[in-house]
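As structure tokens, the structure follows; a few thoughts come after it.
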Amino acid sequence: MARIALDAMGGDHAPHAPIAGALLALPTLGPEHRIQLVGRTAVITETLNALLAGEFASVAALRDRLDLVEAPDVIEMTDKPSVALRGKPRSSMVVGIRLQAEGHSDAFVSAGNTGAQMAASAFLLKLHAGLKRPAISTLFPTATQPVVVLDSGANMDCSPEELVQFARLGAVYAEDLLGRANPAVGLLSVGEEEEKGNLAVKEAHQLLKASGLHFVGNVEGRDIPKGASQAGPLDVVVCDGFTGNVVLKFYEAVAPFIAGLVVRAGVPRETVGRALVALDPNAYGGAPLLGVKGVSIIAHGSSSPTALKNAIGVAVRAVESRMDEHIGRRLAAAAPSAGASVAAAS
């Protein structure tokens, strides 16, 4: 059984989008799973009753699989991350993450303030031993199959050792949630030659060669949409959070840009929509914050109910696959060899 705590007050369209997302998710999940709606229970109850009396009347029988958890405060999108813990300890985000830390929940999903969610997750759930920072892992659609890109926004500057740790995190994600055996890991750079890139990338390349991972070398930005480099198919692409977030935001703009061009050329909008459905960020829902001892799923602030339904699905798969435990074992097993590799490289 997975108990998923959902931040009912987080996101640009809360509480409607999170609650509607929960109602969309319930019929797709096994009857053993529950969703905990965390936030101002009076507001949640009013919105929930309205939805069950209207467009979601068909799932009213599943109402008993929803638990309401009171959290009177809300972390705004403009709040600094430190506010999550010090200023608003009774916020829906902190209360939702604390449920997991205290063993009353198995995962947390929010479309709220990303920085606050990262800070609260790292503080309350803690990081795996030996890990310096968590990383946001995002699925990028490609011409073949989705590729895991990380970090996509948590860490603006990264050391070579941190990039190697991200590669290990991404490999576990690809194995457990995507079913990829021996995932192919690429390092994002400005050229495929190992001498290309800044100092951190060049050193990370050497460390990754000795990491024991299925490292296929440097990849370029144009390789991500293809889902492959000259070395073959890709499963994981590693980069610092600054680069990853720039690529992510560019990616999000591609589908609307292409759709506009094609529609102006006379192709019916419905046809264009079907052709570009793979580029719809709502289809992937949420990005796991990898490296914390638990499951914390970060959804886009403007997430729709469909996106949040899919984010809940990601959380359930992470719990069922025991991805967090797998990450802990992988990092523990790699610690001695990683230290030896760093020493050798220096």
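All of the numbers you see were taken from the coordinates with simple rules; none came from a lab. Just so it is clear, the model here is predicted, and its values are computed rather than measured. Neighbour counts are summed over all protein chains in view; Cβ atoms, including those assigned to glycine, are modelled from backbone coordinates with ideal geometry.
How large is the helix-only mean residue ellipticity at 222 nm for the chain, computed as the sum of -39500 (n - 2.57) over DSSP H runs with n ≥ 4, divided by its residue count, in deg cm²/dmol to the nearest 500?
Result for the chain, helices only: -14000 deg cm²/dmol.
Roughly how many whole Å is it from the C-alpha centroid of the range 21-99 to that of the range 212-282? Measuring centre to centre over Cα atoms gives 32 Å.
Contact order for the chain, expressed relative to its length and based on alpha carbon pairs under 8 Å spaced 6+ residues apart, stands at 22 percent.
Expressed to the nearest 5 percent, the antiparallel share of DSSP beta bridges inside the chain is 30 percent. Each peptide among 79-86, 192-199, 287-294, 147-154 gets the average number of other Cβ atoms lying within 10 Å of its residues, and from highest to lowest they stand as 147-154, 287-294, 79-86, 192-199. Close amide H partners of residue 287, meaning residues 5 or more places away or on another chain with modelled amide H under 5 Å apart, are 298, 299. Among complete DSSP H helices in the chain, those whose alpha-carbon atoms stretch at least 27 Å along the helix's long axis and whose mean Kyte-Doolittle hydropathy reaches 0.5 are 241-264.
Model label sites at residue 258 and residue 159, defined 7 Å from Cα along the beta-carbon direction, differ in position by 4.0 nm.
Averaging the Cα positions of each part gives two centres, and for the range 119-172 and the range 1-20 these lie 23 Å apart.
The listed peptides 107-116, 261-270, 180-189, ordered by packing as a protection proxy, come out as 107-116, 180-189, 261-270 (highest mean of other Cβ atoms within 10 Å first). Counting only Cβ charges, +1 for Lys and Arg and -1 for Asp and Glu, the dipole size of the chain around its Cα centre is about 240 debye.
In terms of surrounding Cβ atoms within a 10 Å radius of their Cβ, 97, 297 rank from fewest to most as 297, 97. Note on residue 144 and residue 333: with the Förster distance fixed at 51 Å, the Cβ-Cβ geometry gives a FRET efficiency of about 0.95.
The modelled label-to-label distance for the pair residue 269/residue 199, using points 7 Å beyond Cα in the direction of Cβ, is 5.2 nm. Starting from the Cα of residue 82, step 7 Å toward the Cβ, then list every residue of the range 116-144 with an amide N under 18 Å from that point. Within reach of a label on residue 82, which here means backbone N under 18 Å from a point 7 Å along Cα→Cβ, the range 116-144 contributes 116-124. Using a Gaussian network model of the chain in which every pair of alpha carbons under 10 angstrom is joined by a spring, one finds that among 176, 67, 106 the greatest mean-square fluctuation is at 67. Between residue 123 and residue 326, residue separation times 0.36 nm minus the direct Cα-Cα distance comes to 71.0 nm. Potential lengthening of the chain between residue 104 and residue 65 amounts to 12.5 nm, from the contour at 0.36 nm per residue minus the alpha-carbon distance.
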